[in-house]
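Engineer: Handing you a structure now.
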Amino acid sequence: MIVNVHAGHNPAGMIACGAVGLIDESTENRRVKDEVMRQLKALGHTVYDCTVNNGSSQGDVLKKIVEKCNAHKADLDISIHFNAGANDKNGNGRTTGTEVFVHSASSMAKEYADKVCREISALGFRNRGVKYSTTLYVLKNTKAPSMLIECCFVDDKDDVKLYDYKKMASAVVRGIVGKNPEPVKTEATSEVKPQDKIPGGSASESKTLYRVQVGAYADRSNAEAMKDRLGKAGIDAVIVQVSV
Ligand SMILES: [Zn+2]
(Lines give C-alpha, C1' and ligand atoms only; values in the text may rest on other atoms or scores of the structure.)
Protein backbone atom coordinates (compact mmCIF):
# COMPACT_ATOMS: atom_id res chain seq x y z
CA MET A 1 0.00 0.00 0.00
CA ILE A 2 0.96 3.64 -0.36
CA VAL A 3 -0.05 5.43 2.82
CA ASN A 4 0.10 9.07 3.86
CA VAL A 5 0.37 9.52 7.62
CA HIS A 6 0.36 12.73 9.58
CA ALA A 7 0.05 13.88 13.16
CA GLY A 8 -2.57 16.61 13.49
CA HIS A 9 -1.74 20.16 14.65
CA ASN A 10 1.52 22.06 15.11
CA PRO A 11 4.07 20.75 17.65
CA ALA A 12 3.44 21.14 21.39
CA GLY A 13 3.80 24.65 22.74
CA MET A 14 3.32 26.39 19.39
CA ILE A 15 0.31 28.28 18.07
CA ALA A 16 -2.28 25.81 16.71
CA CYS A 17 -0.91 22.93 18.78
CA GLY A 18 -3.17 20.09 19.87
CA ALA A 19 -5.17 19.44 23.01
CA VAL A 20 -3.42 19.52 26.37
CA GLY A 21 -4.60 17.43 29.30
CA LEU A 22 -2.86 14.84 31.43
CA ILE A 23 -0.83 14.18 28.28
CA ASP A 24 -0.18 16.39 25.31
CA GLU A 25 -1.84 15.62 21.98
CA SER A 26 0.88 17.11 19.75
CA THR A 27 3.59 15.13 21.55
CA GLU A 28 1.76 11.81 21.65
CA ASN A 29 0.34 11.93 18.13
CA ARG A 30 3.86 12.39 16.78
CA ARG A 31 5.11 9.39 18.76
CA VAL A 32 2.22 7.25 17.49
CA LYS A 33 2.73 8.57 13.93
CA ASP A 34 6.46 7.72 13.95
CA GLU A 35 5.79 4.18 15.20
CA VAL A 36 2.96 3.62 12.69
CA MET A 37 5.29 4.73 9.91
CA ARG A 38 8.15 2.56 11.16
CA GLN A 39 5.94 -0.54 11.27
CA LEU A 40 4.29 0.04 7.89
CA LYS A 41 7.73 0.54 6.30
CA ALA A 42 9.02 -2.63 7.99
CA LEU A 43 6.11 -4.48 6.38
CA GLY A 44 7.16 -3.18 2.98
CA HIS A 45 4.59 -0.42 2.48
CA THR A 46 5.39 3.00 1.07
CA VAL A 47 4.72 5.66 3.66
CA TYR A 48 4.84 9.45 3.47
CA ASP A 49 4.96 11.72 6.51
CA CYS A 50 2.57 14.61 5.84
CA THR A 51 2.91 16.19 9.29
CA VAL A 52 3.20 19.98 9.40
CA ASN A 53 5.30 21.64 12.10
CA ASN A 54 5.33 25.25 10.92
CA GLY A 55 1.74 26.35 10.37
CA SER A 56 0.95 29.99 11.11
CA SER A 57 -2.59 29.12 12.28
CA GLN A 58 -4.82 26.08 12.60
CA GLY A 59 -6.19 26.77 9.11
CA ASP A 60 -2.68 27.08 7.71
CA VAL A 61 -1.63 23.76 9.36
CA LEU A 62 -4.60 22.00 7.75
CA LYS A 63 -4.01 23.58 4.34
CA LYS A 64 -0.34 22.53 4.39
CA ILE A 65 -1.20 18.99 5.55
CA VAL A 66 -3.62 18.55 2.65
CA GLU A 67 -1.05 19.93 0.18
CA LYS A 68 1.46 17.34 1.40
CA CYS A 69 -1.11 14.53 1.26
CA ASN A 70 -2.25 15.40 -2.24
CA ALA A 71 1.32 15.59 -3.54
CA HIS A 72 1.37 11.76 -3.52
CA LYS A 73 -0.98 9.29 -5.07
CA ALA A 74 -1.85 7.27 -1.97
CA ASP A 75 -4.26 4.45 -1.15
CA LEU A 76 -5.06 5.89 2.26
CA ASP A 77 -4.57 9.06 4.31
CA ILE A 78 -4.27 8.67 8.06
CA SER A 79 -4.61 11.61 10.42
CA ILE A 80 -3.59 10.92 14.02
CA HIS A 81 -5.20 12.89 16.83
CA PHE A 82 -6.09 12.60 20.49
CA ASN A 83 -9.44 13.66 21.83
CA ALA A 84 -10.34 16.02 24.66
CA GLY A 85 -13.49 16.84 26.58
CA ALA A 86 -13.79 13.79 28.85
CA ASN A 87 -12.94 15.98 31.83
CA ASP A 88 -12.15 12.97 34.02
CA LYS A 89 -8.79 13.96 35.48
CA ASN A 90 -9.20 11.82 38.61
CA GLY A 91 -10.34 8.67 36.84
CA ASN A 92 -13.68 6.93 37.27
CA GLY A 93 -12.49 3.44 36.31
CA ARG A 94 -13.82 3.73 32.73
CA THR A 95 -12.06 4.96 29.65
CA THR A 96 -13.84 7.46 27.42
CA GLY A 97 -12.22 5.75 24.49
CA THR A 98 -11.47 5.80 20.83
CA GLU A 99 -13.27 6.93 17.67
CA VAL A 100 -12.39 7.26 14.01
CA PHE A 101 -13.87 9.77 11.57
CA VAL A 102 -14.41 9.23 7.85
CA HIS A 103 -16.12 11.52 5.33
CA SER A 104 -19.19 9.34 4.81
CA ALA A 105 -20.48 5.78 5.01
CA SER A 106 -19.45 5.28 1.37
CA SER A 107 -15.82 6.33 2.02
CA MET A 108 -13.31 3.71 0.94
CA ALA A 109 -11.65 4.34 4.32
CA LYS A 110 -14.74 3.13 6.22
CA GLU A 111 -13.64 -0.51 6.49
CA TYR A 112 -10.19 0.53 7.71
CA ALA A 113 -11.82 2.83 10.26
CA ASP A 114 -14.00 -0.02 11.58
CA LYS A 115 -10.96 -2.24 11.96
CA VAL A 116 -8.85 0.45 13.65
CA CYS A 117 -11.68 1.07 16.16
CA ARG A 118 -11.88 -2.65 16.89
CA GLU A 119 -8.12 -3.04 17.33
CA ILE A 120 -7.79 -0.01 19.63
CA SER A 121 -10.81 -1.09 21.68
CA ALA A 122 -9.23 -4.55 22.00
CA LEU A 123 -6.50 -2.80 24.02
CA GLY A 124 -9.21 -1.90 26.55
CA PHE A 125 -10.44 1.47 25.31
CA ARG A 126 -14.19 1.98 24.93
CA ASN A 127 -15.16 1.77 21.26
CA ARG A 128 -16.99 4.98 20.39
CA GLY A 129 -17.14 3.75 16.83
CA VAL A 130 -16.77 5.18 13.36
CA LYS A 131 -18.23 8.66 12.92
CA TYR A 132 -18.98 10.66 9.79
CA SER A 133 -17.99 14.24 9.13
CA THR A 134 -18.39 16.11 5.88
CA THR A 135 -16.83 19.23 7.40
CA LEU A 136 -13.48 18.05 8.81
CA TYR A 137 -11.00 19.77 6.48
CA VAL A 138 -8.60 16.88 5.96
CA LEU A 139 -11.36 14.36 5.24
CA LYS A 140 -13.05 16.78 2.87
CA ASN A 141 -9.98 17.84 0.89
CA THR A 142 -7.65 14.87 0.56
CA LYS A 143 -7.81 12.98 -2.73
CA ALA A 144 -7.18 9.54 -1.25
CA PRO A 145 -9.69 7.89 1.09
CA SER A 146 -8.93 9.29 4.53
CA MET A 147 -9.62 8.65 8.16
CA LEU A 148 -8.98 10.70 11.27
CA ILE A 149 -8.16 8.63 14.32
CA GLU A 150 -8.92 10.05 17.77
CA CYS A 151 -6.75 7.51 19.63
CA CYS A 152 -8.08 8.23 23.13
CA PHE A 153 -8.72 11.15 25.50
CA VAL A 154 -5.91 13.33 26.86
CA ASP A 155 -8.05 14.43 29.80
CA ASP A 156 -9.27 11.08 31.07
CA LYS A 157 -7.03 9.47 33.68
CA ASP A 158 -8.28 6.00 32.74
CA ASP A 159 -7.43 6.50 29.07
CA VAL A 160 -4.00 7.91 29.93
CA LYS A 161 -3.23 5.04 32.30
CA LEU A 162 -4.01 2.47 29.63
CA TYR A 163 -2.32 4.37 26.81
CA ASP A 164 1.06 3.26 25.49
CA TYR A 165 2.21 4.80 22.22
CA LYS A 166 3.68 1.56 20.85
CA LYS A 167 0.57 -0.49 21.61
CA MET A 168 -1.60 2.28 20.16
CA ALA A 169 0.48 2.41 16.97
CA SER A 170 0.52 -1.39 16.71
CA ALA A 171 -3.28 -1.44 16.94
CA VAL A 172 -3.55 1.19 14.19
CA VAL A 173 -1.20 -0.83 11.95
CA ARG A 174 -3.17 -4.04 12.56
CA GLY A 175 -6.35 -2.16 11.68
CA ILE A 176 -4.87 -1.09 8.37
CA VAL A 177 -2.86 -4.10 7.20
CA GLY A 178 -3.97 -6.88 9.57
CA LYS A 179 -0.58 -7.52 11.18
CA ASN A 180 2.52 -6.05 12.79
CA PRO A 181 6.13 -6.61 11.79
CA GLU A 182 8.02 -9.30 13.72
CA PRO A 183 9.75 -7.71 16.70
CA VAL A 184 13.54 -7.66 16.24
CA LYS A 185 15.05 -9.60 19.12
CA THR A 186 18.32 -8.09 20.20
CA GLU A 187 21.52 -9.77 21.32
CA ALA A 188 21.13 -8.20 24.75
CA THR A 189 18.00 -10.24 25.45
CA SER A 190 19.44 -13.57 24.31
CA GLU A 191 20.65 -16.08 26.86
CA VAL A 192 24.29 -16.34 27.79
CA LYS A 193 25.64 -19.23 25.76
CA PRO A 194 27.71 -22.06 27.25
CA GLN A 195 30.94 -20.74 25.74
CA ASP A 196 30.43 -17.50 27.65
CA LYS A 197 30.79 -19.31 30.96
CA ILE A 198 33.96 -18.96 32.98
CA PRO A 199 36.49 -21.56 31.84
CA GLY A 200 36.94 -24.11 34.58
CA GLY A 201 33.90 -22.82 36.44
CA SER A 202 31.27 -25.29 37.51
CA ALA A 203 28.30 -25.80 35.19
CA SER A 204 26.06 -23.84 37.52
CA GLU A 205 28.36 -20.82 37.54
CA SER A 206 27.76 -18.46 34.68
CA LYS A 207 29.36 -15.18 33.91
CA THR A 208 27.53 -12.11 32.79
CA LEU A 209 28.84 -10.44 29.65
CA TYR A 210 27.97 -6.96 28.54
CA ARG A 211 27.86 -6.85 24.76
CA VAL A 212 27.57 -3.50 23.04
CA GLN A 213 25.03 -3.63 20.26
CA VAL A 214 24.27 -1.12 17.56
CA GLY A 215 21.76 -3.01 15.43
CA ALA A 216 20.06 -6.29 14.55
CA TYR A 217 19.21 -6.96 10.92
CA ALA A 218 17.30 -9.58 9.01
CA ASP A 219 19.55 -9.04 5.96
CA ARG A 220 23.24 -9.85 6.32
CA SER A 221 24.07 -7.07 3.83
CA ASN A 222 22.64 -4.49 6.24
CA ALA A 223 24.77 -5.92 9.05
CA GLU A 224 27.83 -5.73 6.75
CA ALA A 225 26.98 -2.10 5.93
CA MET A 226 26.82 -1.22 9.64
CA LYS A 227 30.12 -3.03 10.26
CA ASP A 228 31.69 -0.96 7.44
CA ARG A 229 30.35 2.26 8.94
CA LEU A 230 31.79 1.37 12.33
CA GLY A 231 35.09 0.37 10.71
CA LYS A 232 35.29 3.77 8.99
CA ALA A 233 34.71 5.38 12.38
CA GLY A 234 37.67 3.41 13.75
CA ILE A 235 35.55 0.93 15.72
CA ASP A 236 36.22 -2.79 15.29
CA ALA A 237 33.02 -4.80 15.17
CA VAL A 238 32.09 -8.44 14.67
CA ILE A 239 28.91 -9.84 13.20
CA VAL A 240 27.26 -12.39 15.46
CA GLN A 241 24.59 -14.61 13.92
CA VAL A 242 21.65 -15.22 16.23
CA SER A 243 18.67 -17.48 15.64
CA VAL A 244 15.44 -15.83 16.69
ZN1 LIG B 1 -6.61 16.95 17.31
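Engineer: If I filter the range 48-65 for residues that are closer than 16 Å to residue 173 by Cβ and either in contact (Cβ under 8 Å) with a residue 60 or more places away in the chain or in the same structural domain as residue 219 (by TED's automatic domain parsing) (or both), do I get at least one hit?
Structural biologist: For the range 48-65, residues closer than 16 Å to residue 173 by Cβ and either in contact (Cβ under 8 Å) with a residue 60 or more places away in the chain or in the same structural domain as residue 219 (by TED's automatic domain parsing) (or both): absent.
Engineer: Filter the range 144-166 down to the residues that are more than 14 Å from residue 119 (Cβ to Cβ) and among the β-branched types (Val, Ile, Thr), then identify the one that is surrounded by the most Cβ atoms within 10 Å (Cβ to Cβ).
Structural biologist: Of everything passing the filter in the range 144-166, 154 is surrounded by the most Cβ atoms within 10 Å (Cβ to Cβ).
Engineer: Given the condition of a type outside the set (Lys, Arg) and within 30 Å of residue 183 (Cα to Cα), answer yes or no: does some residue in the range 60-67 qualify?
Structural biologist: No, the conditions are met nowhere in the range 60-67.
Engineer: For residue 132, state whether it is in the same structural domain as residue 62 (by TED's automatic domain parsing), buried (at least 17 other Cβ atoms within 10 Å of the Cβ) and hydroxyl-bearing (Ser, Thr, Tyr).
Structural biologist: For residue 132, the condition - in the same structural domain as residue 62 (by TED's automatic domain parsing), buried (at least 17 other Cβ atoms within 10 Å of the Cβ) and hydroxyl-bearing (Ser, Thr, Tyr) - is not met.
Engineer: Further, regarding this structure: Would you tally the residues in the range 8-30 being outside any loop (DSSP other than H, G, I, E, B) and within 15 Å of residue 58 (Cβ to Cβ)?
Structural biologist: 6
Here's the yes/no breakdown for (1) within 16 Å of the ligand (Cβ to nearest atom); (2) at negative phi:
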residue: 155; (1), (2): yes, yes
residue: 159; (1), (2): yes, yes
residue: 164; (1), (2): no, yes
residue: 168; (1), (2): yes, yes
residue: 175; (1), (2): no, yes
residue: 178; (1), (2): no, no
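Engineer: Which one is nearest to residue 24 (Cα to Cα) among residues in the range 123-176 that are more than 21 Å from the chain's Cα centre (by Cα) and of a type in the set (Phe, Trp, Tyr)?
Structural biologist: 137
Engineer: Please count how many residues of the range 59-111 are more than 16 Å from the ligand (Cβ to nearest atom), in a loop (DSSP other than H, G, I, E, B), surrounded by fewer than 24 Cβ atoms within 10 Å (Cβ to Cβ) and at pLDDT 95 or above.
Structural biologist: Of the residues in the range 59-111, 17 are more than 16 Å from the ligand (Cβ to nearest atom), in a loop (DSSP other than H, G, I, E, B), surrounded by fewer than 24 Cβ atoms within 10 Å (Cβ to Cβ) and at pLDDT 95 or above.
Engineer: For the range 13-28, check the following and say yes or no: at least one residue is within 18 Å of residue 145 (Cβ to Cβ) and within 16 Å of the ligand (Cβ to nearest atom).
Structural biologist: no
Engineer: Inside the range 167-182, can you point out the residues that are crowded, with 24+ Cβ neighbours inside 10 Å and of a type in the set (Lys, Arg)?
Structural biologist: none
The values are calculated or read from the model by the stated rules, or taken from the named source; none is laboratory data. Quick caveat, the model's predicted, so the values are computed rather than measured. Note that each Cβ is placed from the backbone with ideal geometry, even for glycine, and that neighbours are counted across all protein chains shown.
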